[in-house]
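Visitor: Just dropping this structure here.
The numbers here are math on the coordinates, done by the rules we state, and not lab data. Please read all numbers here as calculations on a predicted model, not as lab measurements. With ideal geometry, Cβ positions are generated from the backbone for all residues, glycine too; neighbour counts draw on all protein chains shown.
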Amino acid sequence: MQDLTKIAPTDTTTPQDAASILDVSNLRTYFYTDEGVVRAVDGINYSVAPGETLGIVGESGSGKTVAALSLMRLIEDPARIVSGEIKFDGRDIVTMSLEELRKVRGAGIAMVFQDPMTSLNPVLKIARQLVETMVVHGRLTEEQALDRAIKLLGRMGITAPERAVDSYPHQFSGGMRQRVMLAMGFSNEPQLLIADEPTTALDVTIQAQILELIVELNRDFKTAIVLISHNLGVIASVCSRVVVMYAGEVVEEGPTDKILADPRHPYTWALINAVPRIDRHVPGQRRLVTIEGAPPDPLNLPAGCRFAARCPFRIEKCEQHPELLEISPGRKSRCWVTQAGQDLPPPETSRDAPAEAKARTGGHHGETVIKRGERLLELRNVVKHFPLPKTTLFGKQKWVHAINGVSLDVAQGETVGLVGESGCGKSTLARVVARIHEPTSGSVMFHGQDIARASQAQIRPLRRRMQMVFQDPYASLNPRMTVGDILGEPLRFHEITQSEKETRERIAELLDVVGLTPKAATRYPHEFSGGQRQRISIARALSVRPDFIIADEPISALDVNIQAQIINLLIDLQERFGLTYLFIAHDLAVVRHISDRVVVLYLGSVMEIAPADTLFAEPLHPYTRYLISAVPIPDATIEAARQRLPLQGEPPSTVDPPSGCPFRTRCPIAQAICAQVMPPVAEVRPSHFVACHFPGQF
Amino acid sequence: MPRYIVSRLGLAVVMALLATLVIFLIANTVPGDPALAQLGDLAASNPDFLKAFRAKWALDEPLWTRYFIFLKELAHGDLGMSIASQRPVLDDIKNYAPATIELATVGFLLSAVIGVPLGVIAAVRRDSWVDHVARFVSLIGVSSPTFWLAFIMLAIFYGELQIAPGPGRLDPIAFAPPNVTGLFLIDSIFAGDWNTFRDALAHLVLPSIVLAAATLGLITRTTRASVLECMHQDYVRVARAKGLSERKIVMRHILPNALIPVVTLGGLAYANLLTGAVMTETIFSWPGLGRYTFRSAAALDFPAIMGITLVVAVTYLIINLLIDISYALLDPRVIR
């Protein structure tokens, strides 16, 4: 209940107030760092009704995780809650004693964290970790708790729960561990479960399973859920209401369907439009809508609207700080532009370059004229097996079957997308193509030359034509080298530039091409943001004027808006220099958006190859269908109506893969033949290849 | 688990064999003639005498033959005769080892019993006075040279204050307890002789503190660093979110993880104390392996040197094996 004598901001009263179990008002959590005070959470208000599902969305640094940790006072030095109230069940969490707080933690409010791999104690058995959660609150004895733990694990969809409780966390996959975490969360039947990015570390099919489970648990246990995510699709598939955070503030709040269909804050608008959609693709529309710049420096927040600097709808009044005000019943926004009741126009799409531009060739500093369609890369039966480290001195050598006979052609100027879940071999394949790994067998023809067995000296001249962009822009740039040195090294090594002056000119040119200032050359990688570093990685790849770029998850470490900027950059560069891309990603929507053709990998084998639009419209392999169905769509209406195909279980081990078709162990239409014969990759329809005995029958 | 232990044991045996080879080769290629070092000037000037001496100790056989003689005798528990003491090396080692084991074990227990809790408290109460005390203690322990610390201790507590006994294992006029294990503390308990027990314990205080100082510093710092690292793991936050008390979080969630690196370090430190106490034993006139090592090296007593080196190597191998096994007990991820 709200204290009526308290001077509350005008905007805290919501329709839920009367019956809410959680009321956050004016919460501020600051980090007292050596550089100054970081206002990570800067006066947020929201409430959660019993049994409600609330989503909190925002990019990294928006304060959504700190806000969630503050709810249970789990923040650590140098962070402190400096003001505000967190009323849970009528009591203020901010001011209650540690003893009282401990009774709330795990019993009234439970939390599930992002990374299931590190959230369980590695040296304690699952049983111990589940039992202590229940016993500490004194409701059950050890025996009762163990009994309940087994039942809960069964409820969470873990097979043989009696055995599972006796295991250690490392014996489980990430998805299984997140089920254990959920079992732990629900073990005391809390009134509120906070889930902080619970599926971000998981594969899309596992994500679908976990989200499904959360929805079911919410329904069965009547537990209110606060789901924190950067992914609007995840929010749309679970939450009825959503709170959008930006730079430590709530900028928009309302029902999920209304906000996704008609955002009333420019930041929400940008967030929604920056993400490519898996369920629709407009031919010829390749550029994504992006907003300029990056979130404000948290040490030095602007006095006016915090989004103003990046806002395409900015008006003069935005120099004053807007309040979070009701714009229509149940909807609030912190924006001068929409407070009068206007909506935000859909994004312009006419900025796109004409479709023919993509076919335009040559350019590339007049070096080579590239004919589109010529075969650039040819993989034939590529196999790569890795030896596992032996566990005992005289044990049998075991092998990881990372890639098992992949054949694939890449034509000049096209973008081939490579998708699959973790462990499917997509990164290994990229490394085999780049000859970081030598394949166990098979051939890799690049520009007509077999590089599968070539020595490093023989490959070296080809390295100029083939470059790689890596996933982690923090780890792939040497922190001790300036950006100029990073870009200059390949130029000098391959003797592309003849003099220092020429090198410097070329570095400046490269930085310009990727949208950075020439001044960047004298700075070190740590001075740049993740998105800027990825631009540097791309510039490094471009420095030797390659015609083929292997991009291994180049955007998965980035926020959606930065993702969109990098995707646009890659598309522009392709049009400008006639580049060919092998684009690896686990985000199917992004792959659909950027690729001409898409290859689906499962357990080191090709399942399906088809032009992107064909593949997503008419997938013929059961695995592809499951994969597409698992992707949540950021549209609450579609999500509510959609019948999701539930792919059960987890991929089998790559150390001991199944006989015949690798997918048969999870395939609903598998027959006896599937266990005996690996189906060949056959052209079922023109340029649509499928490795299935029964294509299209599922 | 049994498979794991057998596999580790097999590895240890291979290592032990390799160690015998290396020990033998090094001892036999060191410049210096043991015959000349052992015989007096007069005897050494007599070629027949020299020849007879060499023949007796098989010094004139080829290297490989001598290695196989060495291995064969080793298999029978025969480490050869010490040239200096004219007694079997094994007997010498049996004679000197208990004193060292007693001193090293007391020293190690001292550093572990103080170091681990100090490190844990220093980490949990970071920047409190306990943390500062721990930092001071480990700095002193790690940075004081052994000989300096030993003399200072003797000068203050024995010389000045006269509250600690002087060098040696017992008072010069006292008798050793009946020999069972060779460890005076245990033997005196067996004999029910509490006066000797007190005397032996009192004599252990100064040398074990000197010996423990460096190890204590190391253990304290490692424990502190390890606990600090574990405190910020996700599972600790999960434990807190469950509503566990801070005590339970430290004891059940942090410690079992944090102690894993401490066990490695502690084990190696113990092996080091068992084999490297030359300085402390010499200053405290402690009749242990350290002093035997020093004497044998000075006399170029090859059989004794090889015997000691072998003991050192085997000590390390056994302790490493114990570390590996305790690792597997502490961390279920070790055995896949």
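Visitor: Considering every pair of different Cα atoms, what Kirkwood radius, in Å, is found for the stretch A:84-147?
Guide: About 13.6 Å for the stretch A:84-147.
Visitor: Same structure again: Between 0 and 90 degrees, rounded to the nearest ten: what's the tilt of helix A:174-186 against the longest Cα principal axis of chain A?
Guide: 0
Visitor: May I ask you to list the residues of the stretch B:295-336 whose amide nitrogen lies under 16 Å from a point 7 Å from Cα along the Cα→beta-carbon direction of residue B:1?
Guide: The answer is B:322-336, whose backbone nitrogens lie closer than 16 Å to the label point.
Visitor: What Kirkwood radius, in Å to one decimal, follows from the Cα pairs of the stretch A:118-187?
Guide: Averaging 1/r across every pair of different Cα atoms and inverting gives 11.7 Å.
Visitor: Let's test the formula: R0 of 35 Å, r as the Cβ-Cβ distance of residue B:94 and residue B:18. What FRET efficiency results, to the nearest 0.05? All intermediate terms of the calculation are to be shown ahead of the outcome.
Guide: Numbers: r = 25 Å, r/R0 = 0.71.
So, using R0 = 35 Å, E works out to roughly 0.90.
Visitor: Where in the stretch B:310-335 is the amide nitrogen less than 15 Å from a point lying 7 Å along the Cα-to-Cβ axis of residue B:225?
Guide: Hits in the stretch B:310-335 for residue B:225 at 15 Å: none.
Visitor: Within 10 Å of each residue's Cβ, count the other Cβ atoms and sort A:433, B:6 from fewest upward.
Guide: B:6, A:433
Visitor: Separate question: From the backbone phi of the stretch A:494-499, what are the Karplus-calculated ³J(HN,Hα) couplings (6.51 cos²θ - 1.76 cosθ + 1.60, θ = phi - 60°) in whole Hz, Gly and Pro given as x?
Guide: 8, 6, 7, 10, 9, 10
Visitor: Going highest first, how would you order A:576-587, A:405-416 by mean Cβ packing within 10 Å?
Guide: Put in order of decreasing packing, that is A:576-587, A:405-416.
Visitor: Cut-off under 28 Å on the C-alpha distance; same-chain residues fewer than 8 positions from residue A:384 excluded. Which lysines are left, in chain and number order?
Guide: A:396, A:398, A:426
Visitor: Could I ask something else about it? For A:286-294, what's the mean count of beta carbons from other chains sitting within 10 Å of each residue's beta carbon? Before the final figure, lay out each step's value.
Guide: On the way: counts 0, 0, 0, 0, 0, 0, 0, 0, 0.
That average works out to 0.
Visitor: Let me ask you something else. What is the distance, in nm, between label points placed 7 Å from the Cα along the Cα-to-Cβ direction at residue B:298 and at residue A:383?
Guide: 6.9
Visitor: State which entries of A:87/A:222; A:103/A:222; A:332/B:242; A:64/A:125; A:125/A:151; A:103/A:332 exceed 25 angstrom in Cα-Cα distance in the structure shown. Intermediate values should be presented prior to the final figure.
Guide: Numbers: A:87/A:222 19 Å; A:103/A:222 20 Å; A:332/B:242 34 Å; A:64/A:125 31 Å; A:125/A:151 16 Å; A:103/A:332 34 Å.
Pairs exceeding the cut-off: A:332/B:242; A:64/A:125; A:103/A:332.
Visitor: Mind checking the mean number of beta-carbon atoms from other chains within 10 Å of the Cβ atoms in A:121-127?
Guide: So the per-residue partner count for this stretch is 6.
Visitor: Could I have the simple spin-label model distance between residue A:166 and residue A:77, label points 7 Å from Cα toward Cβ, reported in nm to one decimal?
Guide: The answer from the label model is 4.4 nm.
Visitor: Another question, if that's okay. Rounded to the nearest 0.05, what FRET efficiency is calculated for residue A:576 and residue A:215 with R0 set to 51 Å and r the Cβ-Cβ distance?
Guide: 0.65
Visitor: Report the antiparallel proportion of the DSSP beta bridges in chain A as a percent, rounded to a multiple of 5.
Guide: On the way: 59 of 95 bridges.
That works out to approximately 60 percent antiparallel.
Visitor: Right, something else. Other chains' Cβ within 10 Å of B:251-264 residues: what's the mean?
Guide: 2
Visitor: Please tell me the relative contact order of the stretch A:118-187 in percent, rounded to the nearest whole number, where contacts are Cα pairs under 8 Å and at least six residues apart. Display every interim value, and only then the final one.
Guide: Numbers: 73 pairs, mean separation 30.5, N = 70.
Worked out over the stretch A:118-187, it gives 44 percent.
Visitor: Then there is this: Taking neighbour Cβ counts within 10 Å as the exposure measure, how do B:158, A:168, A:623, B:270 sort from fewest upward? The partial results should precede the final answer.
Guide: Numbers: B:158 15, A:168 18, A:623 27, B:270 22.
So the ranking, lowest neighbour count to highest, is B:158, A:168, B:270, A:623.
Visitor: Using helices alone, what [θ] at 222 nm do you get for chain A, with -39,500 (n - 2.57) per DSSP H run of 4 or more residues, divided over all residues and rounded to the nearest 500?
Guide: -8500 deg cm²/dmol
Visitor: Oh, and also: Aspartates and glutamates within cross-link reach of residue A:519: Cα-Cα under 18 Å, excluding same-chain residues under 8 positions apart?
Guide: The reachable aspartates and glutamates, counting only those whose Cα sits under 18 Å from residue A:519, are A:485, A:489, A:500, A:502, A:505, A:509, A:527.
Visitor: Helix-only estimate, please: 222 nm mean residue ellipticity of chain B, summing -39500 (n - 2.57) across DSSP H runs of length 4 or more and dividing by its residues, to the nearest 500.
Guide: It comes out at -23500 deg cm²/dmol, rounded to the nearest 500.
Visitor: Past the 58 angstrom mark, what percentage of all C-alpha to C-alpha distances in the protein assembly as shown do you count?
Guide: 29
Visitor: On the Cα set of the stretch B:223-336, report Rg and Dmax in Å, please.
Guide: Considering the stretch B:223-336 through its Cα atoms, Rg and Dmax are 20.6, 66 Å.
Visitor: Pairs of alpha-carbon atoms within less than 8 angstrom and 6+ residues apart define the contacts here; what relative contact order does chain A have, in percent? If you can, show how the numbers build up before the last one.
Guide: Working: 1391 pairs, mean separation 88.9, N = 698.
Computed value for chain A: 13 percent relative contact order.
Visitor: Working from Cα positions, state the angle (0 to 90°, nearest 10) between the long axis of helix A:204-221 and the longest principal axis of chain A.
Guide: 10
Visitor: Could I ask something else about it? Just round it to a whole percent: the fraction of Cα-Cα distances in the stretch A:234-345 exceeding 22 Å.
Guide: 34
Visitor: Scan chain B and note any complete DSSP helix (H) whose C-alpha atoms cover at least 24 Å along its axis and whose Kyte-Doolittle average is 0.0 or more.
Guide: B:2-29, B:89-124, B:194-231, B:255-275, B:302-330
Visitor: Oh, and also: Among A:86, A:278, A:300, which residue has its Cα furthest toward the positive end of the charge dipole of the protein assembly as shown, with +1 on Lys/Arg Cβ and -1 on Asp/Glu Cβ?
Guide: The one lying farthest along the dipole's positive direction is A:278.
Visitor: Full extension from residue A:475 to residue A:684: what is 0.36 nm times the residue separation minus their Cα-Cα distance, to one decimal in nm? Spell out each step's value before the answer.
Guide: On the way: separation 209, 0.36 × 209 = 75.24 nm, distance 4.20 nm.
Taking residue A:475 through residue A:684 to full extension adds about 71.0 nm, to one decimal.
Visitor: When a footprinting reagent is the concern and you count Cβ atoms within 10 Å, what order do B:42, B:228 take, fewest first?
Guide: The fewest-first ordering by Cβ neighbours comes to B:42, B:228.
Visitor: Ranked from highest to lowest mean number of other Cβ atoms within 10 Å per residue, what is the order of the peptides A:614-622, B:325-333?
Guide: On the way: A:614-622: 21.6, B:325-333: 16.0.
Order by mean packing, descending: A:614-622, B:325-333.
Visitor: How much length would be gained if the chain were fully extended between residue A:529 and residue A:457, taking 0.36 nm per residue of separation minus their Cα-Cα distance, in nm to one decimal?
Guide: Length difference between fully extended and current span is 22.4 nm.
Visitor: When all alpha-carbon pairs of the stretch B:19-75 are counted, what percent fall beyond 16 Å? Walk me through the numbers on the way to the answer.
Guide: Numbers: 768 of 1596 pairs.
Here the long-distance tail beyond 16 Å is 48 percent of all Cα pairs in the stretch B:19-75.
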